[in-house]
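Working notes, structure below.
Bear in mind that the values in this text are calculations on the coordinates, not laboratory data. Just so you know, these numbers come straight off a predicted model, no measurement behind them. Note that we place each Cβ from the backbone using ideal geometry, even for glycine, and neighbour counts take in every protein chain shown.
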There are 4 protein chains.
Amino acid sequence: MSKKTLNLGMVGYGFMGRAHSNAFRKVGNFFPAEHQVVLKAACARDAGKAQAFADTWGYESIETDWRKLVERPDIDVIDICSPNDTHRDIAIAAAAAGKMVLCEKPLGRNPAESEEMVAAIEKAGVANMVWYNYRRVPAVTLAKQLVDEGRFGKIFHYRAKFLQDWTISADLPQGGAGLWRLDVNVAGSGVTGDLLAHCIDTAMWLNGPMVEVSAVTETFIKERSHSLTGKVEKVGIDDASLFLARFANGSLATFEATRYARGHKALYTLELNGEKASVAWDLHDLHRLQYFDHSDQGIVRGWRSIHVTDGDQPYMKNWWVPGLQIGYEHSFVHQVADFIAGLESGVPAAPTFRDGLATDYVCDAVLKSAASRQWETVKQAS
Amino acid sequence: MSKKTLNLGMVGYGFMGRAHSNAFRKVGNFFPAEHQVVLKAACARDAGKAQAFADTWGYESIETDWRKLVERPDIDVIDICSPNDTHRDIAIAAAAAGKMVLCEKPLGRNPAESEEMVAAIEKAGVANMVWYNYRRVPAVTLAKQLVDEGRFGKIFHYRAKFLQDWTISADLPQGGAGLWRLDVNVAGSGVTGDLLAHCIDTAMWLNGPMVEVSAVTETFIKERSHSLTGKVEKVGIDDASLFLARFANGSLATFEATRYARGHKALYTLELNGEKASVAWDLHDLHRLQYFDHSDQGIVRGWRSIHVTDGDQPYMKNWWVPGLQIGYEHSFVHQVADFIAGLESGVPAAPTFRDGLATDYVCDAVLKSAASRQWETVKQAS
Amino acid sequence: MSKKTLNLGMVGYGFMGRAHSNAFRKVGNFFPAEHQVVLKAACARDAGKAQAFADTWGYESIETDWRKLVERPDIDVIDICSPNDTHRDIAIAAAAAGKMVLCEKPLGRNPAESEEMVAAIEKAGVANMVWYNYRRVPAVTLAKQLVDEGRFGKIFHYRAKFLQDWTISADLPQGGAGLWRLDVNVAGSGVTGDLLAHCIDTAMWLNGPMVEVSAVTETFIKERSHSLTGKVEKVGIDDASLFLARFANGSLATFEATRYARGHKALYTLELNGEKASVAWDLHDLHRLQYFDHSDQGIVRGWRSIHVTDGDQPYMKNWWVPGLQIGYEHSFVHQVADFIAGLESGVPAAPTFRDGLATDYVCDAVLKSAASRQWETVKQAS
Amino acid sequence: MSKKTLNLGMVGYGFMGRAHSNAFRKVGNFFPAEHQVVLKAACARDAGKAQAFADTWGYESIETDWRKLVERPDIDVIDICSPNDTHRDIAIAAAAAGKMVLCEKPLGRNPAESEEMVAAIEKAGVANMVWYNYRRVPAVTLAKQLVDEGRFGKIFHYRAKFLQDWTISADLPQGGAGLWRLDVNVAGSGVTGDLLAHCIDTAMWLNGPMVEVSAVTETFIKERSHSLTGKVEKVGIDDASLFLARFANGSLATFEATRYARGHKALYTLELNGEKASVAWDLHDLHRLQYFDHSDQGIVRGWRSIHVTDGDQPYMKNWWVPGLQIGYEHSFVHQVADFIAGLESGVPAAPTFRDGLATDYVCDAVLKSAASRQWETVKQAS
């Protein structure tokens, strides 16, 4: 075996650090390629945590300062899984050091940060990707394939929501480990950047750019104790964010994200209605795609529940046999596989940083609209 | 309006008396025909109950003796909705009096009674029908249409079950009003004649005759107080009845009925698997048909959930508009409509008494097999 | 039997005329009351159509001018099932004649008409009701019961949509029999008054008044041939209507209605998320209620699919037995039963005309917002 | 890191070889333990295939003769993933060499082989386990937990089926790579040992031993070309196998397995109905458990669709966050984790070889009954 190595430096050790590490470890077992990922170094400020993480996942070494990591000559790729307030500086430094850069979404805490990141990456000309992983759930990828085949005709409607219920308790603090998503200074925004960003990325991938939005947001629980300061502090994030949108293709949409929808843990749903067909998907049963084809004979026409586990469906020939489902984590494996395939083919895998910026612009228009109570035009990333 | 009248004499006033009366009253509103049903007389032993029933449903008169009813010259059709132990005598007398005869299922309490009934009806040459109403749930009728179109190829498997849970409590008495189905002397059998009979009728309609069966039955609660005697008496019915079957076309089947399946109120399900397609249905969502067509393109192949409410689907153009579902009671309306259509076309509506006898023969083979612990050959009705 | 009679005069003979007539005919069979509905007269401009309708449904007589109908002394109740542009004049005249008035929704083509109707009705002091029938689908009524029991705690979210696909073809004309809903002069608006009105009525019944809305509408097909003029004319209705809303209780909502959602025939869905529980329902499986109770033990907590067919659930003890579902038409039977019960108890059944006006105000705010591209405050009806 | 190593020798490189290798590689990332699995050697007769497999999965070395593998002193555990006709000899030799032995199911091709294997294992006193992996799908494990908590009361019914459709084409050959399951000499039986064995293992785990069975089997396609001989040869396996069963606790059951159920790829379903509650599960949506608790209040009683992804549900705290599902492959990871936990706790993980023998006895009774057309008593393994 004379594989090319792809030496990885990981920043962060939380939920996403685990999901990405698992993907990097598994990709070679299921998606043969010229490159082999080597887990070179894990980086976290706390040396003990970094070492424990490295031990669990098989990283060869640790760093406690990301600046050192990005300077290491034995690292090819920097993967940024640390909280949002660190994305910009790490990405810019990594790009400057000539590293490929993978970054958890959203890019920055706001478009200004994101624009700096895109500029740095593009100036450096390094390979880059943002972790909007849901594009690579096979059922969602199949939906994209159906769109690209022109099966839907003119599109009239799109709707998406991402419903969770984990912050309903007023006793939940904000800030600190596992809870930085409730701290606006770290996260940049609430569900808009965390959940809607996913919905928006998939939506524009499937249905093209958005033109304008009208939004409303709410912070249901106004004050929470802060894990870092120990004091009750004002909550700065949006707990819920809803918006109406018009796409460039003339279709209309509703979007909604919240962490106050009792009974839904991570219910990301999407639906697209076209003249000739419709398609729908949800994350709680992610291995199924619902598809309605109006050209089916009338008496036996109905929504098809497609169990996306067959070898002719996206990514599935690399896994098990028909009928045996894969899960959430596999979307990350696919993204790594595609990133590597992009390196080898010369056609970069999407979403790139510039694609991520497009999503950040929509998020920004949403937050602006919620504040202005006006329709806001969406800035275009390219 | 110069409609031909069809003067009805109803025997019984219970659950089925209501379901049938509703059907006779509604049929003309939705299914135009030359004949108009007239609710002529309701018959029950208790004059008060007969009158209350007649008042509620608009019957013109009452009788307290079915022998008088069948002799009345102003009656064209006798509908037998009284308990099973009365079916034979009423049917034979009605046929002898030249009346058309409709009979709730099963025909008799055993094949001997049923054979007498068939002989009487056929000798008299009167129109006749058994109320296996589930054939006329539009989704089930659609399944039959798909079978008749040859969409399935060679059939490999059939499976059906009818699950209820209403007799789990040992405190439930047997016998008397509403509970005669637990009294073997009145009912003839338990779930075999009550629930499996429905499954068997539909199965043979869709998949042809059965050849042989291997069965097991159980009476979970051995003794219950008897409503009529006031004493605790041995329970003679089968609480659960399961069997394996081989159809004449070579397909294999499982059948199961029980009143001890906690969580299921009236879950009649059926499924047929053919070489080229499969179909499934259940009574708890009776307006949907599940259909799988292997000739669909691979990447978008899946079970179709057909919402059977369109005008081109069986019976539905006579009801509302697409998307608006009908319910259980409508199957009876359809059966009346088809009975009348049969009178007018000269092609009798099925299932006839002879069709009902075929089902009774299967039920009998099931009970025999459960007793003999052997495979039993099914006697054929024609 | 010495029932009080309730003599009905029906205006209209279309889809709603049939649905209501069926309800009036059936109510006495299933919901015993002091009053008995008598189908006294059916009214339509075309005598032949009126007579055919009367024959089918058993109306005793016909009228060809609604002005005559409302003046007939033998009529107690006028039921308005004719197109929207006739509602105001008939209702006002009927009220002036001292008749009880039932009116299909929406009340008028716009709030001005609706206000006149409410004023007339209230001045006359006659019993009145608007046919927002979905309140009386048992699963929806059960949802209301759960709300009234306080099971949800603080409400955070409400969402509803009503999706159809029957006008996607550009070849469909506007205007005339069966198509007046596409003619803005007759209908007043498109999906806003036709479909959203249902969603809004249920929403305010379950979740209280709405405060403000931000909306967008679209007319996808700009011109259609007109059945009455024979010419291609501009389409004045809204094909799709989407809005964000804030309720008085602080909850946020998305609403959407369209006739361009391929694959959905009449998919009215609603969901309410509260602090302690959530509930969801849809019209395509109307006999089920989805319920999530956060107080359930964690390991077995999940959405409950409640098959609303038990005797202890709203309206169901009057129908069949557990497990046997009813359909769309039964919601109208329940509404008649409750109207009669209201007459007998002295507590009028809702929704009254004033309740209907509240819904019309929301619809008006939606249309205004779509035009102004601003949030619009909702006028309150009481 | 001072982990104890568990040196693995893998026999086989097919579907199961991949599934197990993946599990051995992942277990340490998600289930911390004292032992660390080391992929020491992969064994296959073809050196090229063995090396390719070793390269893909990271095995340190290869062997081309399992006899050499079981003799290697650096191997602690032998995992048998080769076809059924090799199980006995390898297991016996491995046990004799003092290795722990893991074996794919079923144990032998018939009870005689299985008994020899159990005897060898128990004589050697080595740790052992059979790969009935579905016990460790979290939803199934949760069902077992609910059973053990006594939530169901007296059990009345059990039903299971395993439906596939991959052998419907008569053009599919038997024998050779990927198709040995159609060759009776290699496999021992058809769907009985392949699919029903899974159903039986879970059933007895949840519902205790079976007493007697009545079965029917069918070979729909009588002859197929043989990949190894190149000739058309008689098909010796059962294509479909159905049986009725009585459990020791008095409950009745239907079981069915087939590879001729069009539309079902790997639809393993199970349901258990008890006096107080019921539970159901299926492999096509393996992350959900359906649960009905009769003690729920009547008006809101319904089947709960439990999305088994929460930290308090079996195995799930080791994976992602609530709402994010895992897939098929994770059941193997759990089995390895439990095997290791069993080594460390001294309480061996089930199912052991003796447990596997119990399932083989049921399979044998099924095949005997299909031949004898009699009820057959099930031999008990302990």
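Percent relative contact order of region B:44-118, based on C-alpha pairs within less than 8 angstrom and at least six residues apart?
The normalised contact order for region B:44-118 reaches 24 percent.
Would you order B:287, D:35 from fewest to most other beta-carbon atoms within 10 Å of each residue's own beta-carbon?
On the way: B:287 26, D:35 18.
Least to most surrounded, the residues fall as D:35, B:287.
Neighbour counts of other C-beta atoms within 10 Å: give me A:201, A:355 arranged from fewest to most.
Numbers: A:201 25, A:355 22.
By the 10 Å Cβ count, ascending: A:355, A:201.
As a footprinting exposure proxy, order C:64, D:217, A:258 by other Cβ within 10 Å, with the fewest listed first.
Details: C:64 15, D:217 24, A:258 29.
Going from least to most buried by this count: C:64, D:217, A:258.
Can you tell me the Rg and the Dmax, both Å, for the Cα atoms in the protein assembly as shown?
34.4, 106
For the protein assembly as shown, what is the calculated [θ] at 222 nm in deg cm²/dmol (nearest 500), taking -39500 (n - 2.57) for each run of four or more DSSP H residues and dividing by its residue count?
Value at 222 nm, helices only, nearest 500: -9500 deg cm²/dmol.
Over the Cα atoms of region B:4-133, what Rg and Dmax result, in angstrom?
Considering region B:4-133 through its Cα atoms, Rg and Dmax are 13.7, 39 Å.
What share of the DSSP beta bridges in the protein assembly as shown is antiparallel, in percent to the nearest 5? The partial results should precede the final answer.
Numbers: 172 of 292 bridges.
Antiparallel: roughly 60 percent of the beta bridges in the protein assembly as shown.
Once you place label points 7 Å from the Cα toward the Cβ at residue C:74 and residue C:15, how far apart are they in nm?
Using points 7 Å along Cα→Cβ, the separation is 3.3 nm.
Lys and Arg at +1, Asp and Glu at -1: add these up for the other residues within a Cβ distance under 11 Å of residue C:33 and post the number. Mind showing how you got there, number by number?
Numbers: positive: C:3, C:4; negative: C:34, C:338, C:344.
Net charge in that neighbourhood comes out at -1.
With the label 7 angstrom out along Cα to Cβ, how close does residue A:55 come to the same site in each of the other copies, in nm, nearest first?
3.4, 8.5, 9.1
Among DSSP beta bridges lying fully in chain D, give the percent that are antiparallel, nearest 5. Write out the running numbers ahead of the final one.
Details: 41 of 71 bridges.
Here the antiparallel bridges make up roughly 60 percent for chain D.
First measure r as the distance between the Cβ atoms of residue D:47 and residue D:122, then evaluate 1/(1 + (r/R0)^6) with R0 = 30 Å and state the FRET efficiency to the nearest 0.05.
Working: r = 34 Å, r/R0 = 1.15.
The computed FRET efficiency comes out at 0.30.
Work out the length of the dipole vector of chain C about its Cα centre, built from +1 on the beta-carbon of each Lys and Arg and -1 on the beta-carbon of each Asp and Glu, and round it to the nearest 20 debye. Let's see the in-between values first.
Working: 41 positive and 46 negative charges, 59 e Å.
For this selection, approximately 280 debye.
Round to the nearest 0.05 the FRET efficiency obtained for residue B:225 and residue D:4 when R0 = 41 Å and r is the Cβ-Cβ distance. All intermediate terms of the calculation are to be shown ahead of the outcome.
Numbers: r = 65 Å, r/R0 = 1.59.
After rounding to 0.05, the efficiency reads 0.05.
Counting Lys +1, Arg +1, Asp -1, Glu -1, what net charge surrounds residue A:246 among other residues with beta carbon under 12 Å of its beta carbon? Don't skip to the answer; put the middle values down first.
On the way: positive: C:373; negative: A:212, A:376, C:218.
Net local charge, residue A:246 excluded: -2.
At what distance in angstrom do the alpha carbon centres of region C:18-63 and region B:1-63 lie from each other?
About 19 Å separates the Cα centre of region C:18-63 from the one of region B:1-63.
Measure out, as a whole number of angstrom, how far apart the alpha-carbon centroids of region B:136-208 and region C:246-317 sit.
31 Å
Once you put a point 7 Å from the Cα of residue B:60 and another 7 Å from the Cα of residue A:67, both along the Cβ direction, what distance in nm separates them?
10.3 nm
In nm to one decimal, list the spacings between the residue C:122 label point and its equivalents in the other copies, with label points set 7 Å along Cα to Cβ, shortest first.
6.1, 7.3, 8.6
Mind checking the dipole of the protein assembly as shown: about its Cα centre, +1 per Lys or Arg Cβ, -1 per Asp or Glu Cβ, Debye to the nearest 20? Intermediate results must be reported in sequence, preceding the final value.
Details: 164 positive and 184 negative charges, 1 e Å.
For this selection, approximately 0 debye.
Students often forget the sequence filter, so: which aspartates and glutamates lie under 16 Å Cα-Cα from residue C:40 once same-chain residues fewer than 8 apart are removed?
C:55, C:60, C:63, C:65, C:71, C:74, C:76, C:79
List the lysines whose alpha-carbon lies under 24 Å from that of residue D:222, not counting same-chain residues fewer than 8 positions away?
Within the straight-line limit of under 24 Å, residue D:222 reaches these lysines: B:154, B:276, D:161, D:231, D:234, D:265, D:368.
In Å, the Kirkwood hydrodynamic radius of region A:269-382 over pairs of distinct alpha carbons?
On the way: mean 1/r = 0.0569 Å⁻¹.
The Cα-based Kirkwood calculation yields 17.6 Å.
For chain B, what's the relative contact order in percent, using C-alpha pairs closer than 8 Å and at least 6 residues apart?
Working: 857 pairs, mean separation 70.9, N = 382.
Across chain B, relative contact order equals 19 percent.
Could you state, as a whole-number percent, how many of the C-alpha pairs of chain C are farther apart than 30 Å?
40 percent
Quick query: amide H of residue D:210 versus all other amide H atoms, modeled in the peptide plane; which residues come in under 5 Å with a sequence gap of 5 or more or a different chain?
Amide H neighbours of residue D:210, under 5 Å, 5+ apart: D:248.
Rounded, prolate or oblate for region A:147-195? Axes are the square roots of the Cα gyration tensor eigenvalues, ordered a ≥ b ≥ c, and the cut-off for rounded is a/c under 1.5. Spell out each step's value before the answer.
On the way: a/c = 4.28, a/b = 2.82, b/c = 1.51.
Prolate, because a/c is 1.5 or more and a/b exceeds b/c.
Using a Förster radius of 25 Å, what is the FRET efficiency between residue B:172 and residue B:112 based on their Cβ-Cβ separation? Nearest 0.05, please.
Working: r = 30 Å, r/R0 = 1.19.
The pair residue B:172/residue B:112 has a calculated efficiency of 0.25.
Identify the residue of chain B whose Cβ lies closest to the rotation axis that maps chain B onto chain A, and give that distance in whole Å.
B:304, 3
Once the other residues with Cβ under 11 Å from the Cβ of residue A:365 are scored (Lys, Arg +1; Asp, Glu -1), what is the net sum?
Values: positive: A:368, A:379; negative: A:212, A:360, A:364, A:376.
Net of charged neighbours comes to -2.
Relative contact order of region B:298-351: what whole-number percent is it, with Cα pairs under 8 angstrom and at least 6 residues apart?
Values: 26 pairs, mean separation 11.1, N = 54.
Dividing the mean separation by the residue count of region B:298-351 yields 21 percent.
Using a label point 7 Å beyond Cα on the Cα-Cβ vector, give me the inter-copy distances for residue D:232 in nanometres, one decimal, shortest first.
Its label point is 6.3, 6.6, 8.5 nm from the equivalent points in the other copies.
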